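The values are calculated or read from the model by the stated rules, or taken from the named source; none is laboratory data. On a predicted model such as this, the values are computed, not experimentally measured, just so you know. All Cβ positions, glycine included, derive from the backbone under ideal geometry; neighbour counts span all protein chains shown.
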Amino acid sequence: MSKNAFYFFMLDWAKEQERRGLSAPKNFKELSAACSDDWKNLSSQKKGIYKARAKQYKIKSQSNASTDKKTTTGESLALLELQEKKEQEFHQNMLRYIESVVSLGVLHNNLPKLKFIFIHTNWFCKKNIGINKYEFFPAEFAVAEFSIENGIEDIYHELLKPKIPLGWRRDAIEISQQTHQIPINLEDGENDFSLMYDKFTKFLDARKTGNKYPPLFTLKDLYPAVESLLMKMIDDDRGCLEDYLIYSIEALFTELRNTAIKNVSSHDLPLVIGEYRFSKDYFSDRRGYECDFHKIIDVTQYCSKSIVTRWGFLICDYCCDYLDIEMIEGVHRPHDLHFDINIEKQMYDIQCRTKKLNIEREQTTKVDKVNGNRKLHIVTKHKNEISQRSDKEKLNRWNADTSIDRIDNIKPGTSQTNTATVSTNIKLNMPMRPLRAPKTTAQALEIDETIDPLNEVNFPPIDLKFIFTSKQVDEVLQFIEKTMYRLNCLWEEDVEDIK
Ligand SMILES: [Zn+2]
């Protein structure tokens, strides 16, 4: 029982009974019943004494609790451990839920028809309301219904104008400018949270299973922001935060992708890799899925409406191929472009080339270092000689020398690996190209009539693009992963041998 004023009165009452030679009930329930009348008749002054005792006890027990180990930020370690345990439990429950829903979908042969709810929110600022606890001031949010079969089907979207607390406006403006660019006093921004809650629950009501709302899938990092948004919307009389489950869209993506690929491969993506792939946001440059506001200011990337749509595209991109679903533009993939050679590949090519260049430069530098001193010596000597020559000498030298001689003098022959010099040599020692007869066309300009430039076999249309589907990307990545693993094994064996 809680140790309030009555509790301490009860203890005294029992002692008093014993002192008088009367027996007091040992059971708390009976004891409290026996002394309750006396408590009621107790003067408020005496009750006050017991209240003070209870208060003192509370303070003491709290200070005892504070002798618990604490972290550097002053949090109770025991409390943190408990919280961590809760989070782990929550995570496990989430994984179990996703796994069971998806496997049921497979069992009933309706995986592509399964509906999921996505939610994304942008915010102006986050106010610290405790250790590692924040209150977010939302700027925009979008809730969408998704299925692999039909992509994103329905979206509820809002732009907000929350009351930014004093001292946080600067933060809000900065965050806005760096990301979504929604002004803090947007004229059409909604600030009636209960109205938004009505619309929000109306959207979800149709998707309820029994009397439960479907889980809301969002990015792992956005959990606190979504939670804060829900808390602002929830009216105490109508609902509570516990009615809503906020789950990881990365986990859903990984499970869907791993299930879809099962017919072809048993290579499961671990969750961390799934999270990484999902974070790539391949379609961030695709336009036409943003809200009206972001369409006007031409900011697509950060728009919540565009983001939930892109999540849908990304999941479809990884799953449709394996589930034999024909990818329809605007439903399963963005409208304008194909998923062509991605920027990563181009970056990789550039990196390779740079690396190669660096190796060449390094080699050149090494050679130059060897010859450097000698060259410097020759150059200085030559400069001195020139400055000491008279005009007459110069003229004699000019008449005597031929250009060929001069070229031969340059011929170094010592630095074969010096790329710059080698290329000069090749140029100079190359047999001269025979001059063509005057008034004839250059060979390169002569058109061979026998070659048909419209021949599709030898001359495929130029606008034909390489299209890498996620399936192919997956295969290539798997191959690389395997090769890297093998290389690593070989390397380790080598190291063992050396030892
Ligand atoms: Zn937007």
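Against the test of being in the same structural domain as Ala144 (by TED's automatic domain parsing), assigned to a helix (DSSP H, G or I) and within 16 Å of the ligand (Cβ to nearest atom), the options Ile296, Ile315, Ile261 yield a single qualifying residue, Ile296.
The single condition among (1) away from the ligand (no atom under 16 Å from the Cβ); (2) within 15 Å of His157 (Cα to Cα); (3) part of a loop (DSSP other than H, G, I, E, B) that Lys202 does not satisfy is (3). Looking at Leu323, is it over 28 Å from Ile175 (Cβ atoms), of a type outside the set (Asp, Glu), away from the ligand (no atom under 11 Å from the Cβ) and in a loop (DSSP other than H, G, I, E, B)? For Leu323, the condition - over 28 Å from Ile175 (Cβ atoms), of a type outside the set (Asp, Glu), away from the ligand (no atom under 11 Å from the Cβ) and in a loop (DSSP other than H, G, I, E, B) - is met.
Filtering Pro215, Pro165 for residues that are under 19 Å from Glu227 (Cβ atoms), exposed (fewer than 15 other Cβ atoms within 10 Å of the Cβ) and either at pLDDT 95 or above or out of contact with any Leu (no Cβ under 9 Å at 6 or more places or on another chain) (or both) leaves a single hit, Pro165. Can you pull out every residue in the stretch 168-185 that is part of a loop (DSSP other than H, G, I, E, B) and farther than 20 Å from Ala142 by Cα? If the condition is that a residue be part of a loop (DSSP other than H, G, I, E, B) and farther than 20 Å from Ala142 by Cα, then Trp168 is the only one that fits.
Among the residues of the stretch 146-190, the one identified as within 14 Å of the ligand (Cβ to nearest atom) and at positive phi is Gln181.
Residue by residue, here is whether (1) exposed (fewer than 13 other Cβ atoms within 10 Å of the Cβ); (2) assigned to a helix (DSSP H, G or I) holds:
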{"site": "Glu81", "(1), (2)": "yes, yes"}
{"site": "His91", "(1), (2)": "no, yes"}
{"site": "Met94", "(1), (2)": "no, yes"}
{"site": "Gly105", "(1), (2)": "no, yes"}
{"site": "Asn122", "(1), (2)": "no, no"}
{"site": "Lys126", "(1), (2)": "no, no"}
{"site": "Ala142", "(1), (2)": "no, no"}
{"site": "Tyr156", "(1), (2)": "no, no"}
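Taking the listed residues Glu275, Glu242, the one that is surrounded by 14 or more Cβ atoms within 10 Å (Cβ to Cβ) and assigned to a helix (DSSP H, G or I) is Glu275, with no other qualifying.
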